[in-house]
Every structure is written in C-alpha cells, then in structure tokens.
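The values are calculated or read from the model by the stated rules, or taken from the named source; none is laboratory data. The structure displayed is predicted, hence computed values, not measured ones. No Cβ is skipped: glycine too gets one built from the backbone with ideal geometry, and neighbour counts run over all protein chains shown. Each accessible area value is taken on the protein alone, full model and side chains, heavy atoms only, with ligands, DNA and RNA left out. Shrake-Rupley method; radii C 1.70, N 1.55, O 1.52, S 1.80 Å.
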2 protein chains.
Amino acid sequence: MVKKAKTSPLRSWIEVPEGSDFPLYNIPFGVGRRPNGKVRCFTRIGNTAVDLYMLASLGLMDELGIPDLRVFKWASLNDFFANGRERVAAARERIINIFSENNPVLRTSHLDKTKVLLPADQVQMLMPIKVRDYTDFYSSKEHAEHVGAMFRDKSSPLQPNWLHLPVGYHGRTSSIVVSGTAIRRPKGQSSPSNAGKPVFGPSKALDFEAETAFITCSNTELGQPIEIGQADQHIIGMLIFNDLSARDIQQWEYVPLGPFQGKSFGSVISPWVVTMEALEPFRVAGPEQNPKPMPYLQTRKDRNFDICIEASIRTPEGSETLICKTNTRYLYWSIDQQLTHQTLNGCNIRVCDLYASGAISGPEPDSYGSMLELSWNGSNPIHLEDGTQRTFLNDHDTLIIRAFAEKQGMRIGFGESVTTVLPAL
Amino acid sequence: MVKKAKTSPLRSWIEVPEGSDFPLYNIPFGVGRRPNGKVRCFTRIGNTAVDLYMLASLGLMDELGIPDLRVFKWASLNDFFANGRERVAAARERIINIFSENNPVLRTSHLDKTKVLLPADQVQMLMPIKVRDYTDFYSSKEHAEHVGAMFRDKSSPLQPNWLHLPVGYHGRTSSIVVSGTAIRRPKGQSSPSNAGKPVFGPSKALDFEAETAFITCSNTELGQPIEIGQADQHIIGMLIFNDLSARDIQQWEYVPLGPFQGKSFGSVISPWVVTMEALEPFRVAGPEQNPKPMPYLQTRKDRNFDICIEASIRTPEGSETLICKTNTRYLYWSIDQQLTHQTLNGCNIRVCDLYASGAISGPEPDSYGSMLELSWNGSNPIHLEDGTQRTFLNDHDTLIIRAFAEKQGMRIGFGESVTTVLPAL
C-alpha cells in the first residue's frame, strides 16, 4: 500500500468506493434539489449527498463563526462563502470530523440521518454560485503559442505583452450554466476570408476549451489592489470550466475589442466547488517565468496545482473517446497572479466572482486543451472510437471534461462538466 | 410660447423650475437614502424627491399589476423593473396622474405628504440597479474612425467587421459606481514603444468616454435570440455612462483579447433611469447604414434618439469648462441593433443588464466624446477656462457629463454623472 499523505484523512463511516472523486478528505460544496423539490447546499462523500442545512438543523454546525446557518438553505453558496476562507475551512473540518469513522455523534446517535443523507443520484445538482463577475484568462503559454502560430506568426506566436502580464478579458455571466445543460449551436456572422463580406449562419467551428476556474470569497474596496501575498485568502475553491467557443464567429468579430458572440452562448461548469484546503497538498512549481515578472506578480515557487484534466467526446450512439489529457500544472500564470493582476488597477472583487484559466494546453499533442489545437485548425482530424472523425463538435455530440488531483493514494476529484450540442434553431 | 409636443404633460402641483431636468413628464426612477438612513426607490419632480414606497403605502400605487409593492423598498430597482416594460410604464403614468395639477388625491387630501415628498438635496442618490451583465459597445462610427486613424491607418480606419455588426465587449460590473463617487487613478503596465519592455506606474493617459447606456427589464432563455422587432420590449430606460479609460494601460494590454485593466477601475453612471416612454418623442433617424445590415439587424428608420450629451472638466479651484457637446443621434448602431446582436448567438439577458453605447463622437471637433479624440492623442491640448490645458485628466480634476433631450419646450433631463480623480496610491 502506498504511504498516505500527511494530510490523508481518517476513513469515513459512509462508504467511499475505490477511485471515487469524493473521499472524506474532499468535502466539496454544491447546491442541489432534493427529490421533494427543496433546494439546499450539499457536500458529497462517495455516492452520498449530505444536506448541509439538515446537518446544521441538528445543531452539528454550531460554533463555527457562521452567524446565520440558513446560508445552507439558499439556492447558491454565495452567502456561505461570504463568511470567508477561514470559516468555510472550519466548516469543512467539522464535516470531516462528523463523518470520520470513529465519530459517533451522527453515526450512532438517535438523530435522524435520513434527512441528512441521500443517494447522490437522487439530488439534481444546480448552479453552485450566483456568478458576479467573470474573467477568462489566457494563462496557458502552450495554448497562446498554438493560437498565435495558427493565426499570427509561427516564428513569434506570442504577442509582446503575453510574457509580462496574465492577459484576460471580461466574459458573460448570464450564459454560464451547470453541467448537464445542453447548449444550442450558435448562429452568427463569420467571414471565411476574414476581410470580405461576412456570411450568416450556424457556427461551423464549435469548440470546447478545457479550463479550471477559481471562485472568490470576499468583497474588496474599489481602488484597493490585492497584493500577491494576500491573494490566496480571497480564493475559496475551484471547479471545471468548459469555455465553449465558436471559432469562426470569434475570428471575424474579435479585433479590436476581443471575443464576444464567439463565447457568450454558453459556458459549462462542474457543480462542485473543491476547496483550496483540499487542493493544498497538490501544489507544484509552475513553469519558469522568463522574463522575471514585475514585482507585483512575483510569487511563491509552488504557485501551481497538479490537477489532471481530461476531455472526451461521446457521440450520440454512446461511444466515448478521450481526446485530451492536460494538467493545470502547465499554466504559466497562476491563480494568485491572475487575481492580483485583475485588481492591480483598483478593480474590486466580490464574493463569487469566477476567474477561468483559459484553455490549458500542455507540451504534448494529446494535451492540447481545445479542438482548434487538437485538429490544428481542422488540418489534422481527431479520430473517435466509433471510426468517425472530428475537427470541431457535431450536433448531438456530448463533451465531457473531468478533473482530479491524485497523489500517494489520495484522489480529490472535481466530478465533471458535461454538455450536449443541440442543433442551431 | 412654443407649441407643446403632443405628449406634453399637464403641469404639476409640485414646483418645477424652468429648465429643470425633471418636469412631470420625465418621472425617472432611482434609489436613494433618506436623511433617516432608510433606502427607498424614488422618482423626482423638479427639486422634489418622491419616495415611491411611501406613495405606495398610501394605497396610491395599487391596481397596476405590480404584485408586491415592497419592490419600492429595496435597495435597487431590479425587482421593480422585473415587472416588465408595460407595468413600469403604467406606474409612471400613475405617478404623472397623481402629481398633475388638477388631481387632488394627494395634493389636497388628509394623507401625510411629508413622508412622500422630500427636498431632492436631502436624498443621497445610490446605485439605481444591481448590474447583472454589462456590455460596452463601440457604436459611434466617428469614434471608431478617430481611434482607427490615430492607431491603425488613416486611410482605412475601420476594421473590416465594423460596418457589419455592432462591435462590443463584456465589461466589469463590480466597478460601476454612481455619480459622486471619486475614482482613483489606476496603476498598471504600459509600454511607450508598445512592443518593448513595459514599465509600471500610475496611468499617464486617464480619459473619460461620454456614453449612454440602456437597461433591460426581462429574463430570456439561453439559446433564444431576441428578434429586432421585439428588442424595444426588453429595454426599460437609459442613463449616462462615463467609461473611464486608461489609454496607456489599454494600449499595451488589449491585443488580442480586448480592453481589461484599462477600463475596469471605474465607470460612473447617473443615478436616474429615464424611461423609454419619456424618450419616445425624441426618436430620430440614425445615420444611413451602408452596406445594408444583415436582415437580423434591419430596423425602423427612426432608430435613434436625439439626446444631447455635454462633458465638462471642473478643476480643483472650481472653474468649469465645457469640452464636448455630442448627441446619441450620431450613433451608427442603435440600441435595438445592439441588443439583438448581443443575443444573436442565443446569449440570454436578465433584468438589469446594462448596455453602454461606447464613446459617442459627432462630426465636429467639439463633439468628440473622449479626451483621446479631443486632444488627438495629446497633440492638440484642450484649453480650460482657468488658462490651464489638458491632454488627459489630472489628479483632482472633476469630470461631469450631463444629458438631456429637448424639443418644443419640453426638456427631459438625465441629471449628471460626476467623478473626481484621486491620485494613485
């Protein structure tokens, strides 16, 4: 048996199947609907969903410094996360404690467990947060180089600013949806020649981007930047982010003000917010940064996280092909650098802002985080298990992104982001 | 005396000084704090603020189809506007009726008027809405041409896409503040050569942009575009929008994903939402669109509004200079075209999204809607009344934008957007 990590948890009295994304040590937070229609905040252990409001109603979440335990009753985690990183971490510790195998408080008590614990498949997972602002960064050097080489200049694919700051843009929040939501193929303008008269129609280049995103847990004052040493304290957790992209629409519209209709038709997140506490053991060094970042962006060496990301296409007939294996460790700009740059100009943040990484690509061809790169803009089709091939997504294709961190026998999973492409109207 | 417009209102029993932005016909909506600290929704007639919750408490806002009159008690207009354009219009009509000079219902009744009516200067105006998503368009052809000529190509200043679609980008909502809020000069990266090593420091090119913005009053389904003939029904009103911009930061960062830190440090709106009903008499034809827009963007001839916009700089010593007189009639892409394009790809809208026009410039040099254009990127300084000159904003300068529509003796004013520049930290 592999040696357990220092932070390895006790075992739970709830069964956790081998390879589960949700061991006792994870304790992610989400929002779901019970079979009776009630919407509650949940965590998950193995295949069991834990209703946090019912848990709190039994008095088991008292004395955590959370003044109003009705935060677990709302249809978003916003009010819970507004308690700040320390208190949310304390809540997670308490939950780990309650469900540890040696703790009888709930396990063997007369308290009614049936209201607290449900089979996970009986809970319909909803959007975990009400997203305030959303930024999509462009923090993978490999991804930026691939896009630059395809559309700009092979010998000098990066823009002059790219190595000096985490490039990003503000995105649309209304169309961020939870895993399981189907997305309709967008219509729009595109210009095959990119300069001539545009044409109108459904996108012919519908793509995904494999990303992670982090969520904030505080409100700051306008005019007050966050120093990089403090950035961690404002970040509560992470989830999977699929930034669906219509490349033909994007290509025609994006100069000079950036992506707009090419992105805003739908982005799909995983339902569980994995806490930074759960991810802390998976810190790793990021790629060397040369030139050295400006002082405001200089951070710890282990600024990245070792989180595997896998993207698959499932065809309507049900065959599933893994098309991409990448990792957040490849990111050039880390989440603390992203958040610090976001606030450098005094821009304030709020509880439940969402900051996505941008497509994450690694050095190997099977680690490219978009079909644009995997098929090299259509020149190198992707072969699927069922014998068909793709350059971009077909109608009725399902795109699945999974993510997990694994180390010394401990697996912290994110679950998945799943979406099916509906034909254009 | 000039002939009154057909829609000219009855006179009010509340005094309306000549030239007031707020005659009885206007009835804009805002949110303010009473001297006792209570936050309420208000309208304004002349120099009198009308507490809409107190008005409703007297039973005077019943039978309007607004099921919960506590919407006037909240700290934003969102729930009121969620009742939709028709009901909000009915509320405005009711208010016009209550305050018409021949209506005794409140004027001469035993009802307590002192709780309803306050001197406007005793009410601290707050953010009128909780902004959901915010898009900044780039809909003034003159502005786009000026920027293109300065930074791109004098002979061909517009990008190939510009005449085919309303270019826009998603902006930051957290830093949108109400008139009266001071904004700190942002720090950031810039590159004088635009390709070499960047430098760090306070922006040396802090600018304003004179814009209007419209606000939505409905939630649509993801995947369902809004047809242009229906766009009006989703737009409740407009306000002044000052899109502060740090040109040096923006210039370095904006390729390829658009403006980010150059914009997100602060945008300043006027506190009153002027309804589309009040603005309807000021419809005018827009500039000819050539090439003809694609069918989804084809709209009525009188797609624009005749709204004058004036921008002034007030120096710390108190002297004020009018530096720009422009008009929304110049806009190439109209608000219905903007909203339709926003949703073309299926992007959903929500109650209290905010859509800004982009800087509005006219054909004459004194109608340019930014200092970048007024000073032609610094080459042509702006002379102020006190003998000093500006190319961009100095610390402690106050930038004031006012807007009003005027016709046949009727004036519908927006009030003002005022902000003072604080020195960088």
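Structure summary
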{"read-out": "For the pair A and B, total buried accessible area rounded to nearest 100 Å², probe 1.4 Å", "value": "5500 Å²"}
{"read-out": "For region B:412-425, Karplus couplings with θ = phi - 60° (6.51, -1.76, 1.60), whole Hz, Gly/Pro x", "value": "10, x, 9, x, 8, 10, 10, 8, 10, 7, 8, x, 4, 5"}
{"read-out": "Cα gyration tensor shape of region B:88-242, rounded if a/c is under 1.5, else prolate or oblate by comparing a/b with b/c", "value": "prolate"}
{"read-out": "Peptide-level mean, for B:152-160, of C-beta atoms on other protein chains within 10 Å", "value": "2"}
{"read-out": "Residues with amide H under 5 Å from that of A:C324, placed H, sequence gap 5 or more", "value": "A:A311"}
{"read-out": "Solvent-accessible area of B:T212 with every protein chain in place, 1.4 Å probe, in Å² to the nearest 10", "value": "10 Å²"}
{"read-out": "Ratio of the Cα radius of gyration of chain A to 2.2 N^0.38 Å, where N counts its residues", "value": "0.98"}
{"read-out": "Of all accessible heavy-atom area on chain A, the percent that carbon and sulfur account for (1.4 Å)", "value": "48 percent"}
{"read-out": "Probe 1.4 Å, accessible area per residue of the protein assembly as shown, Å²", "value": "37 Å²"}
{"read-out": "Rounded to whole Hz, the Karplus (6.51, -1.76, 1.60) HN-Hα couplings of region B:27-44, x for glycine and proline", "value": "6, x, 10, x, 10, x, 10, 5, x, 7, x, 6, 9, 9, 7, 10, 10, 9"}
{"read-out": "Average beta-carbon neighbours from other chains, 10 Å sphere, peptide B:221-234", "value": "2"}
{"read-out": "Cα pair distances in region A:30-125, grouped into 5 Å bins until the bin that holds the longest one, percent each", "value": "3, 14, 25, 26, 19, 11, 1"}
{"read-out": "Heavy-atom SASA rank of B:E385, B:E93 (probe 1.4 Å, accessible area, largest first)", "value": "B:E385, B:E93"}
{"read-out": "Residues of region A:253-272 buried by at least 10 Å² on assembly (accessible area, 1.4 Å probe, chain alone as reference)", "value": "A:E253, A:Y254, A:V255, A:P256, A:L257, A:G258, A:P259, A:F260, A:Q261, A:S264, A:F265"}
{"read-out": "Label distances, nm, B:Q298 versus same residue in remaining copies, Cβ-directed 7 Å point", "value": "6.2"}
{"read-out": "Loop trypsin sites (Lys or Arg not before Pro), region B:97-162 (other Cβ atoms within 10 Å of the site Cβ: 10 or fewer; DSSP)", "value": "B:K154"}
{"read-out": "Cβ-vector label at 7 Å, A:E101, separations to other copies in nm", "value": "8.8"}
{"read-out": "Nearest 10 degrees, 0 to 90: helix A:85-98 Cα axis against chain A principal axis", "value": "50 degrees"}
{"read-out": "Interatomic Cα distance distribution for region A:336-425, bins of 10 angstrom, percent", "value": "12, 30, 31, 22, 5, 0"}
{"read-out": "Shortest-first nm distances, A:L10 label point to equivalent points in other copies (7 Å, Cα→Cβ)", "value": "7.6"}
{"read-out": "Cut-off under 5 Å, modelled amide H: who pairs with A:N219 long-range", "value": "A:V351"}
{"read-out": "Three-way shape call for region A:192-252 based on the alpha-carbon gyration tensor, with the a/c threshold at 1.5", "value": "prolate"}
{"read-out": "Neighbourhood net charge (10 Å Cβ-Cβ; Lys/Arg +1, Asp/Glu -1) for A:S191", "value": "-1"}
{"read-out": "Minimum Cβ-to-axis distance in chain B for the rotation onto chain A, with residue, whole Å", "value": "B:G258, 1"}
{"read-out": "Amide H within-cut-off set for A:G188, under 5 Å, with H built and near neighbours excluded", "value": "A:G201, A:S203"}
{"read-out": "Average beta-carbon neighbours from other chains, 10 Å sphere, peptide A:342-354", "value": "6"}
{"read-out": "Note, ³J(HN,Hα) from phi for region A:73-78, Karplus 6.51, -1.76, 1.60, rounded to Hz, x at Gly and Pro", "value": "9, 7, 8, 7, 8, 3"}
{"read-out": "Computed [θ] at 222 nm, deg cm²/dmol, chain A (DSSP H ≥ 4; -39,500 (n - 2.57); rounded to nearest 500)", "value": "-3500 deg cm²/dmol"}
{"read-out": "Rounded to 10°, Cα long-axis angle of helix A:141-151 versus longest principal axis of chain A", "value": "30 degrees"}
{"read-out": "Prolate/oblate/rounded label for region A:233-343 (Cα gyration tensor, a/c 1.5)", "value": "oblate"}
{"read-out": "Residue with peak Gaussian network fluctuation, chain B [Cα springs, cutoff 10 Å], from B:I269, B:I401, B:I228", "value": "B:I228"}
{"read-out": "For the protein assembly as shown, alpha-carbon Rg over 2.2 N^0.38 Å", "value": "0.97"}
